[in-house]
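One structure below.
The values are calculated or read from the model by the stated rules, or taken from the named source; none is laboratory data. Just so it is clear, the model here is predicted, and its values are computed rather than measured. A quick note on method: Cβ atoms are made from the backbone with ideal geometry, for glycine too, and the neighbour counts reach across all protein chains shown.
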Amino acid sequence: MKLAIVYGSPTPPGKLARALDLAEAAVRERHPGWSTERIAPRTSVGPVVATWDDEAVERIGAADAVVLASPVYRGSITGTLKLLIDMLPNEALRSKPTGVLTVAAAPQHFLSAERHLRDILAWFGALTAPNSAFFVDTTFRTPDVDPAVLAELAEFTDQLVTLAESLGGRGFGPDPLTVRFSASRA
């Protein structure tokens with residue numbers, strides 16, 4: 001089974017990428033039947049302009065579970081991540097266990113990006129994991145990460161694996177409103 005981990009930052013890998021590295025390591029260590037796949041934007045030369053290709057959309061659709069990771073930027077997710085989300089068909093996340101991982105400069109931002117992502121994921125009919133992961137960026141400043149943080153990352157990925165294995169690829173619940181409304185208009 002596969003966990004797709006979306007790196008939703010337009011900047012080169014930094015503290016968010018470090019958190020994702022540790023989450024991937026937890027999956028490899030604790031769930032031998034699972035693999036992880038990092039999905040990151042392509043960047044252009046010159047000013048940072050992040051873009052996504054159709055392959056990113058296909059890889060998310062093919063995954064058994066997904067982590068959407070974003071730095072908190074002005075109280076929300078990055079425009080880079082929003083660009084990818086706008087490319088996704090409803091089926092890409094429908095009934096798919098999906099977790100939210102955010103990193104911010106201050107602890108006061110703990111709910112801002114998560115709240116936005118939970119609303120978006122509800123629109124898709126994703127099975128959003130009940131517990132998100134939030135960290136202040138200084139947590140990943142040095143190579144030595146607090147064992148409590150490592151345990152939290154492991155628990156975060158454990159819930160996604162458990163949800164995906166419990167569903168076994170089956171759908172969950174009625175179609176989201178966006179699908180039902182679109183069908184009634186056709």
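Given (1) modelled with pLDDT of 90 or more; (2) surrounded by fewer than 19 Cβ atoms within 10 Å (Cβ to Cβ), where does W52 come up short, assuming only one miss?
All conditions pass for W52, except number (2).
Check off (1) of a type in the set (G, A, S); (2) over 22 Å from N131 (Cα atoms); (3) part of a strand (DSSP E or B) for A69 and give me the number that stays unchecked.
It is condition (2) that A69 fails.
If G33 meets every condition in (1) modelled with pLDDT under 95; (2) loosely packed, with under 15 Cβ neighbours inside 10 Å apart from one, which number is that one?
With (1) modelled with pLDDT under 95; (2) loosely packed, with under 15 Cβ neighbours inside 10 Å applied to G33, the lone miss is (1).
Given the options A4, A23, name the one that is crowded, with 20+ Cβ neighbours inside 10 Å and part of a helix (DSSP H, G or I).
Among A4, A23, only A23 is crowded, with 20+ Cβ neighbours inside 10 Å and part of a helix (DSSP H, G or I).
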